[in-house]
Amino acid sequence: MQSENVKPNFEFIALMASLMSIVALALDALLPAISNIGIAINSLDATENQLLITMIFLGLGVGQLFFGPLSDSFGRKPIVYAGFILFALASVICIFAPSLEIMVVGRILQGIGLSAPRTIAISIIRDTYKGDYMARVMSFVTAFFILVPVVAPAIGKWIMDAFGWEAIFYVQLFFAVLVCIWFWKRQPETLKLKYKVDFSIQVFAKGLKEFLKHRETVAFTFISGFVTGAFLVYLS
């Protein structure tokens, strides 16, 4: 962990923000295309088509339960790479999906894949900074993350009108590849060897037990869950 007198640099903040913002891009850029996608895959039930938006959260929730502990054993960077690879494969599934069911599976897998960079970005920040500097980096990253959903629907609408709804997935995939290359080139591994945890199936159970020991953390997790639930209702 760096000392507190090492100031965060712009590239690090931008990279961490990009890792987290792919989720927002994958979610909000698709909003204008839901009806067009439904017509293309012969799914005319608007309620069922909303699964293309909401089910990505299922993947995000499930994925971070596994990728977090795995990154403590295998390092931050390999897990981020694994997440990007899964996201790329899931994007291809979505592009060529012949039915709503297959595309929903693709969206769930997209969520699982994107949970890796989103979760590990926070771990990298914690590995690298502490105290006020960590809080400052998180505030900048969060501010950027909040801005993406504001512009993503407009970007998605423009892409769809110009090139078709499939192009939205291609753009998401292209952006993910760029961020992955940037991450590979510029971000060193932050998990020190002495902090690595030997991998076993019990790692997940131990993590859950440790989580349940902290009442405040559990309470804030439930609050965050309720907020996300309300957001999903609004989004649907």
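The rows are residues; the columns are (1) within 22 Å of ILE125 (Cα to Cα); (2) modelled with pLDDT of 90 or more; (3) loosely packed, with under 12 Cβ neighbours inside 10 Å; (4) not aliphatic (A, V, I, L, M).
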{"residue": "ILE181", "(1), (2), (3), (4)": "yes, yes, yes, no"}
{"residue": "GLU189", "(1), (2), (3), (4)": "yes, yes, no, yes"}
{"residue": "SER200", "(1), (2), (3), (4)": "no, no, yes, yes"}
{"residue": "ALA205", "(1), (2), (3), (4)": "no, no, yes, no"}
{"residue": "ARG215", "(1), (2), (3), (4)": "no, no, yes, yes"}
{"residue": "VAL218", "(1), (2), (3), (4)": "yes, no, no, no"}
{"residue": "VAL227", "(1), (2), (3), (4)": "no, no, yes, no"}
{"residue": "TYR234", "(1), (2), (3), (4)": "no, no, yes, yes"}
Of everything in segment 180-195, what is in contact (Cβ under 8 Å) with a residue 60 or more places away in the chain and assigned to a helix (DSSP H, G or I)? Give them in sequence order. CYS180, TRP182, PHE183, TRP184, ARG186, TYR195
Return yes when PHE145 is assigned to a helix (DSSP H, G or I) and closer than 24 Å to PRO32 by Cβ and no when it is not. yes
With respect to LEU60, determine if the residue is over 13 Å from the mean Cα position of the chain (by Cα) and either at negative phi or basic (Lys, Arg) (or both). no
Does PHE57 count as touching a Leu at 6+ places or on another chain (Cβ under 7 Å), within 30 Å of LYS209 (Cα to Cα) and at pLDDT below 95? yes
Within segment 11-40, residues surrounded by fewer than 19 Cβ atoms within 10 Å (Cβ to Cβ) and polar (S, T, N, Q) come out as SER35, ASN36
Matching residues, segment 162-179, being surrounded by 13 or more Cβ atoms within 10 Å (Cβ to Cβ), part of a helix (DSSP H, G or I) and either touching a Pro at 6+ places or on another chain (Cβ under 9 Å) or not aromatic (Phe, Trp, Tyr) (or both): GLU166, ALA167, ILE168, VAL171, GLN172, LEU173, ALA176, VAL177, VAL179
Residue under question is PHE84, and the condition is that it be closer than 21 Å to PHE12 by Cα, hydrophobic (A, V, I, L, M, F, W, C) and in a helix (DSSP H, G or I); does it hold? yes
Just one of MET103, MET55 is crowded, with 21+ Cβ neighbours inside 10 Å and over 18 Å from LEU19 (Cα atoms); which is it? MET103
Does ALA121 qualify as being over 19 Å from ILE53 (Cα atoms), at pLDDT 95 or above and either assigned to a helix (DSSP H, G or I) or touching a strand residue (DSSP E or B) at 6+ places or on another chain (Cβ under 9 Å) (or both)? yes
Looking at segment 180-208, which of its residues are among the small types (Gly, Ala, Ser) and out of contact with any helix residue (DSSP H, G or I) (no Cβ under 6 Å at 6 or more places or on another chain)? SER200, ALA205
Pull out all pairs, ordered by first then second residue, where Cβ-Cβ is under 8 Å, the residues are six or more apart or on different chains, the first lies in segment 123-140 and is within 20 Å of SER73 (Cα to Cα), and the second is part of a helix (DSSP H, G or I) and among the hydroxyl-bearing types (Ser, Thr, Tyr). SER123/SER71
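The values are calculated or read from the model by the stated rules, or taken from the named source; none is laboratory data. Computed from a predicted model, the values in this text were never measured in an experiment. Positions of Cβ are generated from backbone atoms using ideal geometry, with glycine treated the same way; all protein chains shown enter the neighbour counts.
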